[in-house]
Amino acid sequence: MTYEGFRIGSGKEAVHFDALVVEGDEEAGPVTLTGQGVSAYATPRDIEIETISVTFDPDDMAALREIERQETNRDMSRIVCDAVKSGLDFSVSNMAATLDGASPVSLGDLNLGLEAKSIAGRCVDLVKFGLQDFLLDMGEDKVTIGNASLASLQLLTPGMLERETGITFQSDLKIADVAVDLSDLPAPVTLDVLQSSGKYDADSAIPLARAGLNDLMATPPGAPWSQTFQPGLTHAAPDLDPAEVWNAIRQLVGSGYFSIGGLKTDLSDFEALPPSSPIRGPLQLDVASSSSMKDGALNFRIRKDADPLATLDAELELHMGAANDVPDNVAPDAVMMRLPLKFGRFDVTFDEHGLDQVLSQMTGQGIEDSVLSQLPMLPDDQKILISDWIASAMGKGNHAHLVLQPDSPQLVQSIGPMLFGDWAMLADVLNARTVD
């Protein structure tokens, strides 16, 4: 069914459709409403849209009427879950708008999809979002985004499942082809791509939920519905057994990833910098980091390449040993000292190729002096070791490398005191080496 010249509202607040197309049967499932040639003129905000579309199930939308009821103990997550259990899809193509009468905004395509279902007594929500060809033009300042996407499968409310489901919760974000042009900078700041991903095995979190974390994050009965989706402590904290929580965390299985590729600008014409500065020219930053956890082993990896400043590549491995009961009389700030966190491996590579000169011009201190000034408590012989290590990284291609890898994981509590003692003994314990 098509309605031509359809209008919502009246006067300056009216929204006009060249055509409104209704597809589907309201009595038998999803309905799609598609607006063509949509326009709204209410200065200072004017909007024109080539196509706007929404697909939903009318029976599901009826659940939203529950929000208007004043029931004290209503379950808001269930209401929202019911409202999109058959899926809700929204899309816009070729939109042009003017904000405040002076700042044009345009986008090629925008898509949003929501779907939820009740699993093991909790609402699991799938969100998909996509955007292409976004532009915000503020005159001398502009922001453009080539494309962005998000896909997320998560619990709608904070907490963890308490029954096995085989689900892996995951979120993936990608933003590409970004440019920010600011009048205060001599050249645009551009980004090739930003990516982020995280996931965890829902079944592996069951012990953590049963250890009291779900009770900690639960919304108290009768709380305002706006608190339903807020993470964090919403009522009096339950008594948690630190050892039980620690041992539950050891069973988590998950991983994460974050990267920035090609974050660039050009400061060749930036007169605020000295002509000899290494950063008065093209700059680029690339970052990649990852983390994982399984069987109580935590691994972290990060690589930063800031051209023409420095490159840093570091990897850390920690192990969570099984914890015994923590006595009730242990002070909260001392609990961690009773939990067996072990050091497994640390590997770092540093290559300086411009940072020293920049720091000298900005602060009057090179990188060695800047680092050593932050370590006044160390004896001179240890400062010399650090200084020599940094010196070996000076100049592009000269890598300072350090590997610490004991024969077996060592308690962090036992390593700490050695940092302020004999480093020769510490080097033996950690099998320290500075050469491949």
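So the values come out like this:
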{"read-out": "Max mean-square fluctuation residue, GNM over the chain, Cα-Cα springs under 10 Å, options R250, R163, R345", "value": "R163"}
{"read-out": "Selection from S414, S360, A310 lying farthest towards where the dipole of the chain points positive, charges on Cβ", "value": "S414"}
{"read-out": "Accessible-area composition of the chain, carbon plus sulfur, in percent [1.4 Å probe]", "value": "55"}
{"read-out": "Local net charge near T34, Cβ-Cβ under 12 Å (Lys/Arg +1, Asp/Glu -1)", "value": "-4"}
{"read-out": "√(5λ) per eigenvalue of the Cα gyration tensor, the chain, largest first, Å", "value": "49, 36, 17"}
{"read-out": "Debye, to nearest 20: dipole size of the range 299-420, +1 on Lys, Arg Cβ, -1 on Asp, Glu Cβ", "value": "220"}
{"read-out": "10 Å-binned pair-distance histogram of the range 1-157 (Cα, whole percent)", "value": "10, 28, 32, 24, 6, 0"}
{"read-out": "Gain upon complete extension [A331, S103; 0.36 nm per residue less C-alpha separation]", "value": "76.4 nm"}
{"read-out": "Net length gained if the chain between D407 and D239 were fully extended (0.36 nm per residue, minus Cα distance)", "value": "56.7 nm"}
{"read-out": "Accessible heavy-atom area order of V245, V371, highest first, probe of 1.4 Å", "value": "V371, V245"}
{"read-out": "Surface/4 estimate of mean projected area, convex hull on alpha-carbon atoms of the range 84-124, nm²", "value": "4.1"}
{"read-out": "Local net charge near G139, Cβ-Cβ under 12 Å (Lys/Arg +1, Asp/Glu -1)", "value": "-4"}
{"read-out": "Which listed pairs, of K174/K199; K174/K294; K117/K174; K264/K304; K174/K264, have C-alpha distances above 20 Å, in listed order", "value": "K174/K294; K117/K174"}
{"read-out": "Rounded to the nearest 10 Å², the accessible area of M337 at probe 1.4 Å", "value": "120"}
{"read-out": "Per residue accessible area in Å² of the chain, where ligands, DNA and RNA are left out and the probe is 1.4 Å", "value": "56"}
{"read-out": "Accessible area (Å², 1.4 Å probe, nearest 10) - T349", "value": "40"}
{"read-out": "Rounded tilt (10° steps) of 380-391 against the dominant C-alpha axis of the chain", "value": "60"}
{"read-out": "Surrounding net charge for A323, when Lys and Arg each add one and Asp and Glu each subtract one, Cβ distance under 13 Å", "value": "0"}
{"read-out": "For the range 339-374 and the range 143-210, distance of Cα centres in Å", "value": "30"}
{"read-out": "Rounded if a/c under 1.5, otherwise prolate or oblate - the range 265-340, Cα gyration tensor axes", "value": "prolate"}
{"read-out": "Pair N324, V22: separation of 7 Å Cα→Cβ label points (nm)", "value": "7.3"}
{"read-out": "Where F270, F169, F420 fall by accessible area, highest first, once all protein chains stay in place (1.4 Å)", "value": "F420, F270, F169"}
{"read-out": "Accessible area of H399 in the full protein assembly, 1.4 Å probe (Å², nearest 10)", "value": "110"}
{"read-out": "Extension reserve of the A42-D133 stretch, reckoned as 0.36 nm per residue once the Cα distance is removed", "value": "30.3 nm"}
{"read-out": "Ratio Rg/Rh, restricted to the range 278-436 and using Cα atoms, in which Rh is the Kirkwood radius", "value": "1.03"}
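The values are calculated or read from the model by the stated rules, or taken from the named source; none is laboratory data. It should be emphasised that the depicted structure is a prediction, and the values quoted were computed from it without experimental measurement. When we count neighbours, we look across all protein chains shown, and the Cβ atoms used for this are built from the backbone with ideal geometry, even at glycine. The protein model used for the area step is the full one, side chains on, heavy atoms only, and it has no ligands, DNA or RNA in it. Shrake-Rupley method; radii C 1.70, N 1.55, O 1.52, S 1.80 Å.
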